[in-house]
Amino acid sequence: MSNDANCIFCKIVAGQIPSRKVYEDDELLAFHDIAPWAPVHVLIIPKRHIVSMADVTEAEAALLGKMMVLGSKLMKELGVTGGFRHVVNTGRDGGQEVFHLHLHVMGGPRPWAKG
C-alpha cells in the first residue's frame, strides 16, 4: 500500500493521528470530519494514497463504487433519514484542501432549512 509520509490522511490511516472512526476495512477508512459542514459529516478515504479524482484510473472504479455505497450505508447507520450528499473536491481550483482523495458525506437536519 502506497502512502505519503507528509499526508495528514495517510497519518490517520497509520494511526499516527487520532480520528473518530466510523468504519474501517482493508481498503477504506471513514471518520467524522473535525470541521463539519452538517450535523453528520464523515470522510471516506482509501487507505492507499491517491492524490485526487484527477489521478483515478479505471483500476479504481470498484473502489470508488465501494466508497459511494459505504457513504449511503453510514448515513443510515448514523441516523440520517431526511437526505444527504456526497461531495468530492478535486484539485486546488475545485476546493480540495487535503491532497489525498476523500469523499465527504454530509446530512442530518439543518435548523436553517425550510420545509
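The values are calculated or read from the model by the stated rules, or taken from the named source; none is laboratory data. All values derive from a computational prediction rather than experimental measurement. For neighbour counting, all protein chains shown are included, and Cβ atoms are generated from backbone atoms with ideal geometry for every residue, glycine included.
Taking every residue in the range 78-89 that is under 16 Å from D33 (Cα atoms) and pairing it with any residue that is at pLDDT 95 or above and charged (D, E, K, R), at least 6 positions away or on another chain, the pairs with Cβ-Cβ distances below 8 Å are N89/E97.
What number goes with the only condition from (1) closer than 25 Å to K11 by Cβ; (2) of a type outside the set (A, V, I, L, M, F, W, C); (3) surrounded by fewer than 20 Cβ atoms within 10 Å (Cβ to Cβ) that H102 does not pass? Checking H102 against (1) closer than 25 Å to K11 by Cβ; (2) of a type outside the set (A, V, I, L, M, F, W, C); (3) surrounded by fewer than 20 Cβ atoms within 10 Å (Cβ to Cβ), the one that fails is (3). Can you tell me which residues in the range 76-99 are surrounded by 14 or more Cβ atoms within 10 Å (Cβ to Cβ) and not in a loop (DSSP other than H, G, I, E, B)? Listed by number, the residues that qualify are F84, H86. Within the span defined as the range 36-54, every residue fails to be of a type in the set (F, W, Y) and modelled with pLDDT of 95 or more. Figure legend. Inter-residue proximity from the range 39-62: first residues under 12 Å from L101 (Cβ atoms), second residues β-branched (V, I, T) and part of a strand (DSSP E or B), beta-carbon distance below 8 Å, spacing 6+ or different chains. Indicated pairs: L43/V105; I44/V105. In the range 1-38, the qualifying residues are those that are of a type in the set (V, I, T) and in contact (Cβ under 8 Å) with a residue 40 or more places away in the chain, and the one that is nearest to M68 (Cα to Cα) is V22.
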